[in-house]
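Notes for the one structure printed next.
The values are calculated or read from the model by the stated rules, or taken from the named source; none is laboratory data. Just so it is clear, the structure is predicted and the values come from calculations on it, not from any experiment. Methodologically, a virtual Cβ is constructed for each residue, glycine included, from the backbone with ideal geometry; neighbour enumeration extends over all protein chains shown. Quick note on the areas: whole protein, heavy atoms, side chains included, nothing else; ligands and nucleic acids left out. Shrake-Rupley method; radii C 1.70, N 1.55, O 1.52, S 1.80 Å.
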Amino acid sequence: MAWFCSELTVMKKLIYFRSSILILTFLSAAVIYGSISFVNHNLFRTSALDLGVYNNAIYKYGHFKMATSAVYEEEARNLFSDHFDLLVPILSPLQYVLGNYTLLIVQILALLLGAYGLYLYIKPKGEWAAVASVVYFLSFYGVFGAVSYDYHSNVIAAAILPWFFVFVRDKKLVPALAIFSLILVSKENMALWMVFICAGMAIEFWKESKVRNLLILGSVFSAFYFILVLSVIIPAIAPTKEYFHFDFSVLGASPKEALVYIISHPFETLKSLFENHMGDPNGDGIKAETYWALCFASLPVLIRKPQFILMLIPILFQKMLNDNAYKWSIDVHYNIEFAPILAIGIFSVLGLVKRQAIRWSLLLIVCGLNIWSTSRILKSTYVYREDLKIQFQNEEHYRTHFDHEKVQEARKLIPEEASVSAHYPFVPHLAFRDEIYEFPILHEAKYIVFSKLFYPYPLSKDHFDSYTEELKISKDWDVVLDEEEITILKRAFKGEEQL
């Protein structure tokens, strides 16, 4: 009896310890993600592209207006012709509660919610495996990159994917269909991803015929939706009558040509996945760094369950075959889709290990390697980036080279309904209005806001300095405020009308 009570006490302590680790992991992730994302926004490290565009979009959709690309393009077009993203309109009512932090808050909550879905999915394979999967997912380098760089709907899609696995496994058709639909409409390339997700899951659940058949149907429907969006919907609303983001010259000039090339030249395609196919020396070593990061994230474990490797194929192809070498990198949001697949796949494999001591050892090794890899990536990467945007552990992350409170106060000098042309770091904070443009786009803006303390993008430094000086002395503009941190110009009145 004493032995039994002793064993029971040990079990209770283990359960308490395990629960404590889980809670601590969630709390730590919430604090760290907030210290990255919210601090960046408060200190004007977010940008017109992309948070400014999406903040303006949720403002427009929340006021039953159509969002356009006017924020960053001289010739405005329907924003759906850029990315067919229906998730932003769905989220738009939250602006009335959360303001211009709305999308950043939603993005972090989605990641935490997704981690809990992952826990529920892995839990039947072992409590410790489930806890380890959460630690792995929330410490994955791609998650840190995503929260460090504004907002993107594919982050939401990737974050909620574990819930699709949970609901499919539990045969809860309605919530599974809801998650499936949200992922599908979050961005057009997510539909292509779901083709492979559903196909891989059909293999995973092959013995359950009803589930398998529904997943095959989901894969076919996703393919149909993807083709419909790229070949019909976007061309119908795009001024150029074509998809704007097909940047895969190594494969051809269109998705159709790309498919033909992949089928007819499989070895050349595979070779391009690993080499610098654009030939620009600045791209040397970038792909290798990404593959090394994936190896340290224990990608090779998925050989035991190749259906999860299948799910990664569209992500690897759209990442590594893109014309933009930066997208090959381990930085920003271009790696987020790896997180749920690696976490689900790796810990599904480790859950198969019978011997407890070996399983626990493997769990520790996988999580340890992943955390180590992420810590290295936080310090530096092969490509250029603004390190302070992601290095939450660096005290300089919480400081600025200017008085940001003065800038926050200066924003109040601009009427809420006024049209504004703003330097890129100010756009996300001023986006809740009908007309907001990224400087130097002016159109009929009534106010111009800029600062010489920030990078002059998209102009050169000399052009930026000369142009802003011309504007300040122009008779068309009155100087409202001219401080080191921020300059605000107001369009001059002519007669009784404001031009």
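Scanning region 265-280 for residues that are over 20 Å from L192 (Cβ atoms) and either of a type in the set (S, T, Y) or assigned to a helix (DSSP H, G or I) (or both), which turns out most open to solvent (accessible area, probe 1.4 Å)?
Checking each candidate, the answer is F267.
Looking at the structure I just gave you, is P440 in contact with a Pro (Cβ under 8 Å, 6 or more places away or on another chain), open to solvent by 20 Å² or more (accessible area, probe 1.4 Å) and either farther than 28 Å from V31 by Cβ or outside any loop (DSSP other than H, G, I, E, B) (or both)?
Considered against the rule, which asks whether it is in contact with a Pro (Cβ under 8 Å, 6 or more places away or on another chain), open to solvent by 20 Å² or more (accessible area, probe 1.4 Å) and either farther than 28 Å from V31 by Cβ or outside any loop (DSSP other than H, G, I, E, B) (or both), P440 comes out as yes.
Picking from E188, E242, which residue would you name as being charged (D, E, K, R), within 26 Å of the chain's Cα centre (by Cα) and surrounded by 21 or more Cβ atoms within 10 Å (Cβ to Cβ)?
E188
Considering only residues of region 251-302 that are basic (K, R) and more than 25 Å from the chain's Cα centre (by Cα), which is modelled with the lowest pLDDT?
Initially, region 251-302 is screened for residues basic (K, R), giving 256, 271, 287.
Adding the requirement that they be more than 25 Å from the chain's Cα centre (by Cα) leaves 256, 271.
On the way: K256: 88, K271: 94.
Restricting to residues being basic (K, R) and more than 25 Å from the chain's Cα centre (by Cα), the top hit is K256.
Given the structure, is A199 under 26 Å from the mean Cα position of the chain (by Cα) and either at positive phi or free of Cβ contacts under 8 Å to residues at least 40 places away in the same chain (or both)? Break it down into steps so the answer makes sense when it comes.
Numbers: under 26 Å from the mean Cα position of the chain (by Cα): yes; either at positive phi or free of Cβ contacts under 8 Å to residues at least 40 places away in the same chain (or both): no.
Judged against the criteria, A199 is not a match.
Residue pairs, Cβ under 6 Å, 6 or more apart or interchain, first in region 165-182 and part of a helix (DSSP H, G or I), second surrounded by fewer than 15 Cβ atoms within 10 Å (Cβ to Cβ). List them.
Sorted first by the residue in region 165-182, then by its partner, the pairs are F167/P175.
Pairs please, first residue from region 410-422 and under 18 Å from I486 (Cα atoms) and modelled with pLDDT of 95 or more, second anywhere and among the small types (G, A, S) and in a loop (DSSP other than H, G, I, E, B), Cβ atoms under 8 Å, 6+ apart in sequence or on different chains.
Between residues of region 410-422 that are under 18 Å from I486 (Cα atoms) and modelled with pLDDT of 95 or more and residues that are among the small types (G, A, S) and in a loop (DSSP other than H, G, I, E, B), the close pairs are S419/A445; V420/A445; S421/A445.
Pairs only if they're at least six apart or on different chains, beta carbon under 6 angstrom, first in region 204-220 and over 14 Å from L310 (Cβ atoms), second open to solvent by 90 Å² or more (accessible area, probe 1.4 Å); list them, first residue then second.
Within 6 Å, the pairs are R212/W206.
Before we move on, is D403 charged (D, E, K, R) and closer than 23 Å to V155 by Cα? Step through it out loud before you land on a result.
On the way: charged (D, E, K, R): yes; closer than 23 Å to V155 by Cα: no.
It is false that D403 is charged (D, E, K, R) and closer than 23 Å to V155 by Cα.
Using the structure shown, decide if I377 is open to solvent by less than 20 Å² (accessible area, probe 1.4 Å) and not charged (D, E, K, R).
In short, yes.
How many residues are closer than 29 Å to A110 by Cβ, in a helix (DSSP H, G or I), open to solvent by less than 70 Å² (accessible area, probe 1.4 Å) and touching a residue at least 60 places away in the same chain (Cβ under 8 Å) when one looks only at region 342-372?
12
Have a look at F454, F392 and point out the one that is in contact (Cβ under 8 Å) with a residue 40 or more places away in the chain, touching a Pro at 6+ places or on another chain (Cβ under 6 Å) and part of a loop (DSSP other than H, G, I, E, B).
On the way: F392 fails: touching a Pro at 6+ places or on another chain (Cβ under 6 Å).
Sole residue among the options that is in contact (Cβ under 8 Å) with a residue 40 or more places away in the chain, touching a Pro at 6+ places or on another chain (Cβ under 6 Å) and part of a loop (DSSP other than H, G, I, E, B): F454.
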